[in-house]
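Worksheet: one structure, shown below.
The values are calculated or read from the model by the stated rules, or taken from the named source; none is laboratory data. Everything quoted here is computed from the prediction, not taken from an experiment. Ideal geometry is used to build each Cβ from the backbone, glycine not excepted, and the neighbour counts take in all protein chains shown. The accessibility values were calculated without ligands, DNA or RNA, using every heavy atom of the protein model including side chains. Shrake-Rupley method; radii C 1.70, N 1.55, O 1.52, S 1.80 Å.
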Amino acid sequence: PYVAKPDDLALYKGKVPNEGAANFFGMIHNIDENAGRLLAKLGEWGIEKDTLVIFMNDNGGTAGTKVFNADMNGSKGSAWLGGTRASFFWRWPGTLKPADCGALTAHIDFFRTIAEISGATIPESAQNQVEGRSLVPLLQNPAAEWPDRFLFTHVGRWPKGADPGTAKHSTAAVRNTRWSLVYLGGKKQLFDLKVDYGQKTDVSAGHPEIVKELEAAYDQWWADCLPLMVNEK
């Protein structure tokens, strides 16, 4: 629910299109203020150099996207980048140097990264269940070699008892560093993220080989995941 503290709400009320957006930005302001308090307290306690702070969010914007969405298409619940791209900040003074990193990473990389940083060993029996990569090379050097990869999005919602296959292409996407193939209602569009991060221009007609490559990757992912997606039939 969009319920900001009155003082935070007052900062935006009347300055954005509606009450929902005002609450949305007021809540973000509250997060920002409290993140600042946390970082300041770590410094006050003298433990900021011994503390890794990680900040991330879980999906794209919602009530505030009409005001600002970094020119991205879509919002929460969609397969566009505006619905799936998230922030990911790592802060560890004295260990990590401030820098931006443009490598293609995801939430699935979190577990392996923390395991490596903490020195935990992932048992062999669990290796095939743990997805993602360790981000340690990128944390040490944002320009480190990072092989390209495919990442997948699927809004897994279909009527109870229905064939999941009917929802395979309803709202989904597959991407690598440069290309993004988005499925919407059974139709597909290809975007060149190198020049069109806002996903405004469908270039599928000019790159059929890329469409085929991304489709094959998505089909394989779906086949692998489908047995794991059974939930109350």
* Counting only heavy atoms of the protein chains, get the accessible area per residue of the chain (1.4 Å probe) and round it to a whole Å² value. => 64
* Asked: Simple spin-label model, 7 Å along Cα-to-Cβ: Val67 to Arg37 in nm?
  -> 2.1
* Modelled label-to-label distance, Ala223 and Glu44, 7 Å Cα→beta-carbon offset: nm? -> 5.8
* Asked: Given a cut-off of under 8 Å on Cα pairs at least six residues apart, what relative contact order in percent is computed for the chain?
  -> 12
* To do: Measure up Lys49/Lys97; Lys168/Lys194; Lys66/Lys187; Lys66/Lys212; Lys168/Lys188 against 23 Å on the Cα-Cα distance and list the ones that go over.
  => Lys168/Lys194; Lys66/Lys187; Lys66/Lys212
* What's the Cα-based Rg to Rh of region 116-209, Rh via Kirkwood? -> 1.08
* **Förster-model FRET efficiency, 45 Å R0, Glu124 and Leu11, C-beta, rounded to 0.05** => 0.30
* To do: Using only Cα atoms, figure out Rg for the chain and give it as a multiple of 2.2 N^0.38 Å.
  => 1.17
* Distance from a point 7 Å along Cα→Cβ of Leu96 to each backbone N in region 30-64: keep the residues under 12 Å and list them by number. => 51-56
* Other-chain or far-sequence residues with amide H under 5 Å of Thr171's (modelled H) -> Val155, Gly185
* Determine, for each peptide in 121-129, 20-28, 60-68, 92-100, the mean count of other beta carbons within 10 angstrom over its residues, then list the peptides with the highest first. => 20-28, 60-68, 92-100, 121-129
* Asked: How far, in nm, would the chain grow between Leu184 and Lys200 when pulled straight, counting 0.36 nm per residue and subtracting the alpha carbon separation?
  -> 4.3 nm
* **Label-point separation in nm, Phe88 to His207, each point 7 Å along Cα→Cβ** => 2.1
* Asked: So what is the relative contact order of region 44-136, in percent, for Cα pairs below 8 Å that sit 6 or more residues apart?
  -> 24
* To do: Report, to the nearest whole %, how much of the accessible area of the chain belongs to carbon and sulfur atoms, 1.4 Å probe, protein only.
  => 54
* To do: First measure r as the distance between the Cβ atoms of Lys168 and Glu116, then evaluate 1/(1 + (r/R0)^6) with R0 = 25 Å and state the FRET efficiency to the nearest 0.05.
  => 0.15
